[in-house]
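Worksheet: one structure, shown below.
Nothing in this text is a laboratory measurement; each read-out follows from the coordinates by a stated rule. As the structure is a prediction and not an experimental result, all values here were calculated from the model. Heads up, the Cβs are rebuilt from the backbone with ideal geometry, glycines too, and the neighbour counts pull from every protein chain shown.
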Amino acid sequence: MRVLAYIHTKNEAAYIEQALESLRRQTRLPDAILIVDNASTDGTLDRLFPEEVAVIRNPTDLGTSGSVRKGFTYALEHVFDWIWVLDADSVPQPDALEKLLTFFERLPHARREEVCFLNSWPLTETGEVKQQPLSFTGSGLELRSLESARDFTQCDFTLWSGSLYRMAAVARIGLPTADYVLDMGELEYGYRALQLGFTSYIVHNSVIRHDVGRDPGAIERLYKFGPFSLTSYEISPTRTYYSVRNTIYFWLYQCKPRRVTYPLHWVVWRVTTVALDFVCRPRGHGGQISACFRGIWHGATGNIAARY
């Protein structure tokens, strides 16, 4: 099985060697490495890369989804069996890839044919779980708790980073939608995979650490006041816009749940929570407030092609 390791970058000069070193340390080495760069200006690519590393330089920033789309296209054109998607600040343990492939090989043949992706146990640099995977239900979304007593957790989607996508599945599902840009691209892709009968797994004995060496791009803080709780967000205006717009667009125009009321209630709650958080803290958050309202408008009117 031929595996392409893929890294998307934008101004990752401080982290690109860290990412490449994590791949060189794998007990099962990837067969090739692809870097897709989104118009870096900090010298990320101003270095000599080994022969097995290919580089695609985007003249403009395509966002995460646009870059992943290019990576998937490259993997299909060069006939790889898998593509391993990684952020530059994500560091898989040395045996992470080996254990993902071992898990796949031990599945019954019929279940192998249903696999979309495999991902590792997702930790932050400090050892906390980065994100719980999710699955679609007839009425919306459901968190899948990572239970250490089991060998795996079945899910429909999780973070792009760390996901090892099976190219036979990608060939049937199609390419990721570039218009999702930064947020919810993996959710949209997981939804399409589900419609075709694919499923995915978090493999518990394979471990990856995220946000190594820097703060995450989106920070949520939960404050509790007796029986009440309040979530505060720290994200850029750009990320705010795509988070709000893509959430509204996906649930209004793309997802077709059996019960429409639940996801609509969730969308209203999610978008209102984010907007009110910034409105209640206007000092220093004018860009986020403007991005919220612009995202609401473009999401509600189905303008998924707009850019922030």
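Computed from Cα positions, the angle between helix 261-279 and the longest principal axis of the chain comes to roughly 80 degrees.
A Gaussian network model of the chain, with springs between Cα atoms under 10 Å, assigns the largest mean-square fluctuation among Leu187, Leu252, Leu97 to Leu252. Of interest is the spacing of the C-alpha centroids, which for segment 26-61 and segment 77-125 amounts to 20 Å. Near Leu34, the amide H atoms lying under 5 Å from its own belong to Ala5, Tyr6, Ile7, Ala54; only residues 5 or more places off or on other chains count, and H is placed 1.01 Å from N. The modelled label-to-label distance between Gln195 and Glu17, using points 7 Å beyond Cα along the C-beta direction, is 4.6 nm. Remark: segment 197-209, residue by residue, has Karplus-estimated 3J(HN,Hα) of x, 7, 9, 9, 9, 9, 9, 6, 8, 9, 10, 9, 10 Hz, where x stands for each Gly or Pro and the curve is 6.51 cos²θ - 1.76 cosθ + 1.60 at θ = phi - 60°.
Label zone of Thr27 (point 7 Å out along Cα→Cβ, amide N under 19 Å): in segment 77-109 this covers 91-107. The amide H of Asn119, built 1.01 Å from its N in the peptide plane, has Leu164, Tyr201, Ile202, Val203 as neighbours under 5 Å, considering only residues 5 or more places off or on other chains. Using a Gaussian network model of the chain in which every pair of alpha carbons under 10 angstrom is joined by a spring, one finds that among Thr124, Thr102, Thr238 the greatest mean-square fluctuation is at Thr102. Here are some values of Cα Rg over 2.2 N^0.38 Å: (i) 0.99; (ii) 1.07; (iii) 0.93. Which one was computed from this structure? Of the labelled values, this structure produces (i). Dividing the summed helix terms, -39500 (n - 2.57) for each DSSP H run of n ≥ 4, by the number of residues in the chain produces a 222 nm estimate of -10500 deg cm²/dmol to the nearest 500. Label separation (Thr124 vs Arg2): 4.0 nm, computed from points 7 Å beyond Cα along the C-beta direction.
Grab the other residues whose beta carbon is less than 9 angstrom from that of Tyr15, score K and R as +1, D and E as -1, and report the net. Every neighbour counted, the sum reads -3. A protection proxy built from the mean count of other Cβ atoms within 10 Å ranks the segments 60-73, 33-46, 128-141, most packed first, as 60-73, 33-46, 128-141.
Across Tyr15, Tyr165, Tyr242, mean-square fluctuation computed from a Gaussian network of the chain (C-alpha pairs under 10 Å connected) peaks at Tyr15.
Beta bridges per DSSP, both residues in the chain: antiparallel share near 45 percent. Would you mind counting up the charge near Pro59? Only other residues with Cβ under 15 Å from its Cβ, with Lys and Arg at +1 and Asp and Glu at -1. Result for the neighbourhood of Pro59: +2.
Computing FRET efficiency as 1/(1 + (r/R0)^6) for Val279 and Arg172, where r is the C-beta to C-beta distance and R0 is 35 Å, gives about 0.20.
Helix 96-106 and the longest principal axis of the C-alpha atoms of the chain enclose an angle of approximately 80°. For segment 232-241, the Karplus equation 6.51 cos²θ - 1.76 cosθ + 1.60, evaluated at θ = phi - 60°, returns couplings of 10, 10, 10, 9, 5, x, 4, 5, 4, 4 Hz by residue, with Gly and Pro reported as x.
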